[in-house]
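Visitor: Below is the structure I would like to discuss, written out as structure tokens.
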Amino acid sequence: DGGITQSPKYLFRKEGQNVTLSCEQNLNHDAMYWYRQDPGQGLRLIYYSQIVNDFQKGDIAEGYSVSREKKESFPLTVTSAQKNPTAFYLCASSSPGQVEYQQFFGPGTRLTVL
Amino acid sequence: ELKVEQNPLFLSMQEGKNYTIYCNYSTTSDRLYWYRQDPGKSLESLFVLLSNGAVKQEGRLMASLDTKARLSTLHITAAVHDLSATYFCAVSGGGADGLTFGKGTHLIIQP
């Protein structure tokens, strides 16, 4: 089955630690995205990548880093510089070949800082 | 800066009633999306609206887009309990850019 997978589902981090969230897709999509969702809020864009080896900052990129070495993978690192990282993180992908550019979302990773 | 406002943010309604959720956005956009989110879950795509006057329907949900007014509506007809969820609208900045989301409408449908 084609889809987007994210791991882990739950992640606990101590203050001062970096953690990496995994996002993999087998939909052959060129574009991938990372969003953050806080309780009772909408999603906010962290980073996105339209092609391998290229990515752009979104609205709240500070304290985060990404890489895009393979088309199917777009990992997100939450660094110690991110002051309030506890949130629900969602990865998405889309295909520029589709006129609607519909974004499909993974199941999410819930990160908690202890 | 693109901004998206939804209202109401919270809606409690009875089964069988009709209601409309509104989504206003601040600058010109070529695509508007509606998503559904169940508690603790990811987002499920409902509709993509591409042009002025676009209308799409799926079951008891109907979405429309007025690009001149920068307004989209999600209309619920004869609501049933299974439609209880949080509904988000989102607007594209263009191309394969990321989306800007509203804060969501938390919908509770009571039997």
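Every number here is computed from the coordinates shown, using simple stated rules; none is lab data. All of these numbers come straight from a predicted model, not from anything done at the bench. Cβ placement follows ideal geometry from the backbone for every residue including glycine, while neighbour counts extend to all protein chains displayed.
Visitor: Tell me yes or no: at least one residue of the stretch B:7-29 is facing another protein chain (nearest Cβ under 9 Å), surrounded by fewer than 17 Cβ atoms within 10 Å (Cβ to Cβ), part of a loop (DSSP other than H, G, I, E, B) and in contact with a Ser or Thr (Cβ under 9 Å, 6 or more places away or on another chain). Steps first, please.
Guide: To start, the set of residues in the stretch B:7-29 that are facing another protein chain (nearest Cβ under 9 Å) comprises B:9.
Add one more test, that the residue is surrounded by fewer than 17 Cβ atoms within 10 Å (Cβ to Cβ), and what stays is B:9.
If we keep only those that are part of a loop (DSSP other than H, G, I, E, B) as well, we get B:9.
In the following step, the residues that additionally are in contact with a Ser or Thr (Cβ under 9 Å, 6 or more places away or on another chain) were identified as B:9.
Scanning the stretch B:7-29, I find at least one residue that is facing another protein chain (nearest Cβ under 9 Å), surrounded by fewer than 17 Cβ atoms within 10 Å (Cβ to Cβ), part of a loop (DSSP other than H, G, I, E, B) and in contact with a Ser or Thr (Cβ under 9 Å, 6 or more places away or on another chain), so the answer is yes.
Visitor: Moving on to the next point. Could you list all residues from the stretch A:36-56 that are touching a residue at least 24 places away in the same chain (Cβ under 8 Å), in contact with a Leu (Cβ under 8 Å, 6 or more places away or on another chain) and of a type outside the set (Val, Ile, Thr)?
Guide: A:ARG36, A:GLN37, A:LEU43, A:TYR47
Visitor: Another question, if that's okay. So in the stretch B:62-111, with the set limited to residues that are under 10 Å from the mean Cα position of the chain (by Cα), closer than 23 Å to A:TYR35 by Cβ and free of Cβ contacts under 8 Å to residues at least 60 places away in the same chain, which one is nearest to the other protein chains (Cβ to nearest Cβ)?
Guide: Here the answer is B:THR86.
Visitor: Does A:LYS9 qualify as being within 11 Å of another protein chain (Cβ to nearest Cβ), in contact (Cβ under 8 Å) with a residue 12 or more places away in the chain and surrounded by fewer than 14 Cβ atoms within 10 Å (Cβ to Cβ)?
Guide: yes
Visitor: Let me ask another. Please state which one of A:TYR89, A:TYR33 is within 29 Å of B:PRO8 (Cβ to Cβ), of a type outside the set (S, T, N, Q), touching a residue at least 24 places away in the same chain (Cβ under 8 Å) and touching a Leu at 6+ places or on another chain (Cβ under 6 Å).
Guide: A:TYR89
Visitor: Determine which single condition B:LYS56 fails, assuming it passes every other condition in (1) of a type in the set (Lys, Arg); (2) assigned to a loop (DSSP other than H, G, I, E, B); (3) within 15 Å of B:TRP34 (Cα to Cα).
Guide: (2)
Visitor: If you go through the stretch A:30-51 one residue at a time, do you hit one that is surrounded by fewer than 20 Cβ atoms within 10 Å (Cβ to Cβ) and away from every other protein chain (no Cβ under 13 Å)? Working first, answer last.
Guide: Of all residues in the stretch A:30-51, those surrounded by fewer than 20 Cβ atoms within 10 Å (Cβ to Cβ) come to A:30, A:38-41, A:44, A:50-51.
Restricting the remaining residues to those that are away from every other protein chain (no Cβ under 13 Å) gives none.
There is no residue in the stretch A:30-51 that is surrounded by fewer than 20 Cβ atoms within 10 Å (Cβ to Cβ) and away from every other protein chain (no Cβ under 13 Å).
Visitor: Still on this model: A:GLN41: over 13 Å from the mean Cα position of the chain (by Cα), of a type outside the set (A, V, I, L, M) and closer than 12 Å to B:ASP97 by Cα, yes or no? So that I can check it myself, show each step before the final result.
Guide: Values: over 13 Å from the mean Cα position of the chain (by Cα): yes; of a type outside the set (A, V, I, L, M): yes; closer than 12 Å to B:ASP97 by Cα: no.
Here the answer is no, as A:GLN41 does not meet what is asked.
Visitor: On to the next question. Go through the stretch A:53-114 and tell me which strands (runs of 3 or more DSSP E), entirely inside it, have 3 or more residues that are within 11 Å of chain B (Cβ to nearest Cβ), within 12 Å of the chain's Cα centre (by Cα) and of a type outside the set (Ser, Thr, Tyr). Steps first, please.
Guide: On the way: elements: A:54-57, A:64-66, A:76-78, A:87-94, A:109-113.
Where strands (runs of 3 or more DSSP E) fall fully within the stretch A:53-114 and carry at least 3 residues being within 11 Å of chain B (Cβ to nearest Cβ), within 12 Å of the chain's Cα centre (by Cα) and of a type outside the set (Ser, Thr, Tyr), they are A:87-94.
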